1. Return the total of residues in segment 521-562 being over 32 Å from the mean Cα position of the chain (by Cα) and small (Gly, Ala, Ser).
2. Quick one: which of Arg244, Arg182 is more than 15 Å from the chain's Cα centre (by Cα), assigned to a strand (DSSP E or B) and in the same structural domain as Met402 (by TED's automatic domain parsing)?
3. Got a number for residues in segment 526-559 being part of a strand (DSSP E or B) and either among the hydrophobic types (A, V, I, L, M, F, W, C) or not assigned by TED's automatic domain parsing to the domain that holds Ser503 (or both)?
4. Criterion first (in a helix (DSSP H, G or I) and within 30 Å of Pro434 (Cα to Cα)) does Val508 satisfy it?
5. Within segment 260-279, count every residue that is out of contact with any helix residue (DSSP H, G or I) (no Cβ under 8 Å at 6 or more places or on another chain) and either under 14 Å from Val307 (Cα atoms) or among the β-branched types (Val, Ile, Thr) (or both).
6. Consider Asn363 carefully, then state whether it is assigned by TED's automatic domain parsing to the domain that holds Phe234, at pLDDT below 95 and at positive phi.
7. Sort through Thr164, Thr191 and tell me the only one that's hydroxyl-bearing (Ser, Thr, Tyr) and surrounded by fewer than 24 Cβ atoms within 10 Å (Cβ to Cβ).
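The values are calculated or read from the model by the stated rules, or taken from the named source; none is laboratory data. As the structure is a computational prediction, the values presented were derived from the model and not from experiment. In this analysis, Cβ positions are derived from the backbone assuming ideal geometry, glycine residues included, and neighbour counts consider all displayed protein chains.
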Amino acid sequence: MRLLKTGAFVRAAQSARIAVSRAPVRAALAQSRWSSSQTAAAAAAETQHPFPDQSVEISREVDPTKTAPESKDQQEQERFEKKSKELNHGKRLVHENLSGVNILGKPYTFDNTTNVSDSILRLVGRNLYSTPDHPIAITRALVESCFPKPTYNHFTVADPVVTTHENFDVLGFPKDHPGRSRTDTYYINSTHLLRTHTSAHQHAAFQSLVNDEATGFTICADVYRRDSIDKSHFPVFHQMEGARVWDLPVSADSRYEAQLRRKEIIAKDVDEVPQTRIVVEDQATKFLKGSNPTQLEHDAEEVRLVVAHLKRSLEYLVDGVFEASRQMIPASQKEKMGPLQARWIEAYFPFTSPSFELEVLWNGEWLELLGCGVVQQPILNNAGLRNSIGWAWGIGIERIAMLLFGIPDIRLLWSEDKRFLQQFKQGTVTRFEPFSKYPPCYKDIAFWINSSPAAASPIGAESSSGVAAAAGGDATKASPTETQPAAFHENDIMEVVRDVAGSLVEDVQLVDEFVHPRTGRKSLCYRINYRSLERTLTNEEVNDLHNQVAAKMKSLFDIELR
């Protein structure tokens, strides 16, 4: 569930099959047409993991013909698919009149919307959340332990390719939502993309609850967004989301009686959530009126109970995570710290209302940890849960893992250096010990662009030539009064730097900009900090990387290097 404000959110439905390796769930999943099975490796990890890791590995089958533009000849498309299947994952192919790529064994054709880069494709399939000794997997298991079976099922989804319908439409995202822009989202073609949030699978997960003994679920997966480059942002990161629903008791004589019984059940469930020692300030208690309203379909008192259960469940989660972190702190220092402080504030998300965010006071600063709310009723209705009410939440695993283990740079989580990986063991939280600090190398790149700012135009926007703009360089004007098309978006340079230098760059920052008073042209200067986490970079290789960045920027975008 994309509920964190860590960047903007990001058309055709996709065929998929579902079949779970448990009889009680199989009938429900047949409707949503996924497929899932628990791997032997996951089962082995479950038996030795102190956290109850009972996730079901979900594989998703994509109908590759759906990626083909309707105007393409079917035989030509079939030849392309056959050729693509012969390639390894991430390999691009130009064959006859088509171009495309193989992603996890499935062929996809490109079109004028495509902006996915090679550097991103190389990261697909790493599945850090299923590597038992990795901090991401350890954090995932800790979160899952706070939502135990049989009430909750735990899902992972290895294939990140979803349809625009799954990623946006079924969740109620407006057509003009900035998350649909190519400046924010990696598009494989006009109908398929790399998911921007785990909520792309929420509809099918809700469907899995129909006629199942479980009334809730969690989902963990990698998600992809075009974003800035710094120590806390990476184009691929991991999310978890969870949900819980309550159905109307079928034994009641009337709907009124059924709803009364459901209120009693929810109230009892609230009382059963373990208490915590967190000092909580709730600034989001007036959701029954005003800017964070109860949905018209819902009973106000029932909503109050659902929200109480949601908040207490997430306070329990946060308490568990931070208590695990505090185990590494000396007892004398821990006593001085006092209880964890947290606060609830109002929020807005397209698929929940009322909505909330939970922040915690950590090292003197308020940190936003997660977003949540009461699920929009149409989402439940569309999943076959018309008589249910429920809540949902979403959290970024990297943010939690970096706090838990004291990891200072998000790039480390993707490192394959044994000096990093060998520090962690499944089921335990240990403090990361830096193994070296290599020197930075700063290089500036300055260039002229058109005077108008770039717009985060939604998918489908076209340039003046009628062709969809290139990666990140959406040519839609910033406003109707602009006399020049938008020529540059900051994520453009971020993507170029990623493709050229990958993890050898620590951050990219805008250090200077000005508009020439006579010509109206804008100049931008970005400072790139080249620094490896694993070795000292030589001047020669840094200069070569920087020259490649400059050359690629000049060839791809309407800029003039200074």
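1. Of the residues in segment 521-562, 1 are over 32 Å from the mean Cα position of the chain (by Cα) and small (Gly, Ala, Ser).
2. Being more than 15 Å from the chain's Cα centre (by Cα), assigned to a strand (DSSP E or B) and in the same structural domain as Met402 (by TED's automatic domain parsing) holds for just one of Arg244, Arg182, which is Arg244.
3. Adding up the residues that qualify gives 1.
4. Considered against the rule, which asks whether it is in a helix (DSSP H, G or I) and within 30 Å of Pro434 (Cα to Cα), Val508 comes out as no.
5. Residues that pass the stated criteria total 4.
6. yes
7. Thr191
To keep it simple, each residue is scored yes or no on (1) small (Gly, Ala, Ser); (2) in contact with a strand residue (DSSP E or B) (Cβ under 6 Å, 6 or more places away or on another chain).
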position	(1), (2)
Trp391	no, yes
Arg399	no, no
Ser415	yes, no
Arg419	no, no
Gln422	no, no
Thr430	no, no
Pro434	no, no
Cys441	no, yes
